[in-house]
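**Student:** Handing you this structure, nothing more for now.
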Amino acid sequence: NKGVLIDLDGSYLDSKSPLNSTNYLRHKAGLTKKMKWMNIGVKENQEQNLFREKNSDSLLLNSFRFFEWTTFIASGDTFKNKYELSYKQRTDYATKNNGLKRSAVAENINFSIGLLKNTNHVLNITTTYRVLRITDTFLSYQKPDNSLVGRTEYNARLAKGVILCNTF
């Protein structure tokens, strides 16, 4: 369909050694509808990395899995200045009782704007609101978080590029 971008990528690896076996699976997918004034879409990213003892088939503690998805609205591809508003949720899983159990859930709301039209004076601003919930304190060393962070970056090219300035 015109104006629709589908992006798929995946990897799978199964390996065995004298001590253990591993199973690695990762895939990413994205669907974007491109319109004149904006792009809207969804993305997902998932990874599972299992390590097992060869003799007992027990799941080792370095095994993990995560699943994240994002939805976004962004400026059209032809815009000189850029903007994006997105929401992302990530769920992490860690080893417990010979299985993978949910350990944490993070949610991010992100807004970014890039004033790029004048290449001699470029301004980028990003703001992210993050909430991190720990669902199993035995499995995660992280602390719960509720934060707002931002970054402002300004790049200037003066005197026909003889003087370059960067601040953030």
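The values are calculated or read from the model by the stated rules, or taken from the named source; none is laboratory data. Because the structure is predicted, anything quoted here is derived from the model rather than measured. Backbone-built Cβ (ideal geometry, glycine too); neighbour counts: all protein chains shown. Just the protein is used for accessible areas: all its heavy atoms, side chains included, with ligands, DNA and RNA removed. Shrake-Rupley method; radii C 1.70, N 1.55, O 1.52, S 1.80 Å.
**Student:** Over the chain, what is the relative contact order in whole percent, taking alpha-carbon pairs under 8 Å and six or more residues apart?
**Tutor:** Working: 430 pairs, mean separation 21.5, N = 168.
Relative contact order, the chain: 13 percent.
**Student:** Heavy atoms only, probe 1.4 angstrom, no DNA, RNA or ligands counted: give me V162, V131 ranked by accessible area, highest first.
**Tutor:** Working: V162 120, V131 35 Å².
So, going from the largest accessible area down, we get V162, V131.
**Student:** Identify all lysines with a Cα-Cα distance to K160 below 23 Å; exclude those on the same chain that are fewer than 8 residues away in sequence.
**Tutor:** Qualifying lysines at Cα under 23 Å: K80, K117.
**Student:** Step through the residues of the stretch 6-11 one at a time and calculate ³J(HN,Hα) from phi using the Karplus curve (6.51 cos²θ - 1.76 cosθ + 1.60, θ = phi - 60°), rounding each to whole Hz and writing x for Gly and Pro.
**Tutor:** 10, 10, 10, 8, x, 9
**Student:** Please compute the net charge surrounding K96, taking Lys and Arg as +1 and Asp and Glu as -1 over other residues with Cβ under 10 Å from its Cβ.
**Tutor:** On the way: positive: K101, R102; negative: D136.
Overall, the nearby charge balance is +1.
**Student:** Can you give the local net charge around F67? Use residues other than it whose beta-carbon is closer than 9 angstrom to its beta-carbon, Lys and Arg +1, Asp and Glu -1. Before the final figure, lay out the partial values.
**Tutor:** Numbers: positive: R65, R90; negative: E44, E47, E68, D92.
Once positives and negatives cancel, what remains is -2.
**Student:** Specify which residue in the list F51, Y129, A156 is farthest towards the positive end of the charge dipole of the chain, using unit charges on the beta carbon of Lys, Arg (+1) and Asp, Glu (-1), about the Cα centre.
**Tutor:** Selected residue: A156.
**Student:** Quick one: order E47, E153 from most to least accessible surface, probe 1.4 Å. Before the final figure, lay out each step's value.
**Tutor:** Values: E47 20, E153 45 Å².
Ranked list, largest accessible area first: E153, E47.
**Student:** Given H placed on each backbone N at 1.01 Å, which residues far from Y83 in sequence or on other chains put an amide H within less than 5 Å of it?
**Tutor:** S75, G114
**Student:** If you stretched the chain out fully between V4 and I73, how much longer would it get, using 0.36 nm times the residue separation minus the C-alpha to C-alpha distance?
**Tutor:** Details: separation 69, 0.36 × 69 = 24.84 nm, distance 1.41 nm.
Gain in length upon complete extension: 23.4 nm.
**Student:** Continuing with this model, one more query. Please compute the net charge surrounding T32, taking Lys and Arg as +1 and Asp and Glu as -1 over other residues with Cβ under 9 Å from its Cβ.
**Tutor:** Details: positive: K33, K34, K43; negative: D7.
Once positives and negatives cancel, what remains is +2.
**Student:** Across the stretch 26-35, in residue order, what do the Karplus-derived ³J(HN,Hα) couplings come to in whole Hz, using 6.51 cos²θ - 1.76 cosθ + 1.60 with θ = phi - 60° and x for Gly and Pro?
**Tutor:** Running phi through 6.51 cos²θ - 1.76 cosθ + 1.60 with θ = phi - 60° gives 9, 9, 10, 9, x, 9, 10, 9, 9, 10 Hz.
**Student:** Given the pairs K34/K96; K2/K28; K33/K96; K36/K88, which are separated by over 31 angstrom at their Cα positions?
**Tutor:** On the way: K34/K96 43 Å; K2/K28 22 Å; K33/K96 40 Å; K36/K88 24 Å.
Correct reply: K34/K96; K33/K96.
**Student:** Spelling out what I want: for every residue of the stretch 154-168, take phi, set θ = phi - 60°, compute 6.51 cos²θ - 1.76 cosθ + 1.60 (Karplus), and round to whole Hz; glycine and proline get x.
**Tutor:** 10, 10, 10, 10, 10, 6, 6, x, 6, 10, 10, 10, 9, 9, 8
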